[in-house]
Amino acid sequence: MQKFENQEHIIFHGDVIEVLSNEIADASIDLIFLDPPYNIGKKFNGKKYKQKDNEYLEWCYEWINLCLKKLKKTGSMYVMTSTQFMPYFDIYLRGKVEVLSRIAWYYDSSGVQAKKYYGSMYEPVLFCVKDNKNYTFNADNILVEAKTGAKRKLIDYRKNPPQPYNTQKVPGNVWEFPRVRYRMDEYENHPTQKPTKFLERIIKASSNEGDLILDPFSGTFTTSYVAKNLNRKSIGIELEGEYVKIGLRRMEIATHFNGEKLEPIKKSYQRNNVEQPQILKLFEEPDAAQLYQQNNGNSEK
């Protein structure tokens with residue numbers, strides 16, 4: 001296990017169970033975002049992740065229990081997993097925390113969809129709190145457009161006197177954010193990267209400046225990155241060294257890792273843009289005026 005620090009942000013390179021058990025104090029975390037491997041066969045850093053269902057769930061329950069110990073009494077926890085396993089998570093958590101919302105992160109998919117059943121177009125999220133009478137929820141910080149008032153400009157005649165409908169509202173439990181694609185500026189080399197806008201909503205709603213946020217499966221460290229930008233503190237845990245390098249770079253904690261300089265990946269279309277002017281120069285047509293003079297000169301000789 002390795003630990004890296006920079007002011008109010010910490011990165012642990014190691015196993016989630018070991019780090020949670022030995023490195024993080026009980027009742028010290030204000031907000032936990034959990035986005036573990038979904039156990040559906042995706043490859044992480046070239047390694048396929050797939051366990052037997054019962055083994056996966058036993059492992060998940062172990063780190064869920066540890067996270068609950070680390071969460072303050074006033075804390076909140078957002079939990080993600082695949083549609084296949086979310087029912088197990090939901091039932092397991094009901095007796096331990098209050099599940100306030102069951103969120104569907106919806107996105108369009110440009111990839112190949114299922115042909116013999118209905119392909120998944122969303123990922124489920126549980127919003128949980130320890131105490132449903134004492135938790136952080138900054139509604140005013142996450143308001144979205146209310147089309148009834150903003151677009152249709154309708155009047156609510158049930159009120160006395162009648163009043164226009166509000167132009168803003170708290171988001172519902174269906175969130176539409178685009179998946180992170182290769183050509184996006186925020187893209188990192190990871191198969192399940194979450195959008196910054198998605199984490200911004202969670203962190204703005206369920207934490208305050210100065211709060212401590214934990215992400216036990218950090219991946220591209222978007223949670224830590226957004227927490228830093230919003231003046232929160234963060235702890236990120238990641239097992240794969242390739243992804244730790246992303247976190248160290250994005251959080252500006254280190255410039256090198258195991259002797260390697262940390263730099264963002266250079267995307268293929270960016271490389272092509274650099275080379276393109278040189279290619280065009282080799283095959284560009286001659287200047288018309290220059291060509292005319294050359295022809296005239298030749299005719300005079």
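The values are calculated or read from the model by the stated rules, or taken from the named source; none is laboratory data. Given the structure is predicted, the values throughout are model-derived calculations rather than measurements. Cβ: placed from backbone, ideal geometry, glycine included. Neighbour counts: every protein chain shown.
Return a yes/no flag: does region 48-56 have any residue that is closer than 24 Å to Ile202 by Cα, in contact with a strand residue (DSSP E or B) (Cβ under 9 Å, 6 or more places away or on another chain) and not small (Gly, Ala, Ser). Scanning region 48-56 turns up no residue that is closer than 24 Å to Ile202 by Cα, in contact with a strand residue (DSSP E or B) (Cβ under 9 Å, 6 or more places away or on another chain) and not small (Gly, Ala, Ser).
Determine the pairs where a residue that is farther than 19 Å from Phe198 by Cα and assigned by TED's automatic domain parsing to the domain that holds Tyr78, located within region 102-126, has a partner that is of a type in the set (S, T, N, Q) and at pLDDT below 90 with Cβ atoms under 7 Å apart, the partner being 6 or more residues away or on another chain. That search, which allows pairs on different chains as well, returns Gly119/Gln113.
Residues that are surrounded by 10 or more Cβ atoms within 10 Å (Cβ to Cβ) and at pLDDT below 95 number at least 1 in the following helices (runs of 4 or more DSSP H) confined to region 211-291: 241-250, 268-283. Listed conditions (1) in contact with a Leu (Cβ under 7 Å, 6 or more places away or on another chain); (2) assigned to a loop (DSSP other than H, G, I, E, B) are all met by Thr192, apart from (1).
For every residue, the table says whether it meets (1) without any contact (Cβ under 8 Å) to a residue 60 or more places away in the chain; (2) in contact with a helix residue (DSSP H, G or I) (Cβ under 6 Å, 6 or more places away or on another chain); (3) closer than 24 Å to Val99 by Cβ.
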position	(1), (2), (3)
Lys194	no, yes, yes
Leu199	no, yes, yes
Glu209	yes, no, no
Tyr225	yes, yes, no
Ser234	no, yes, no
Glu242	no, no, no
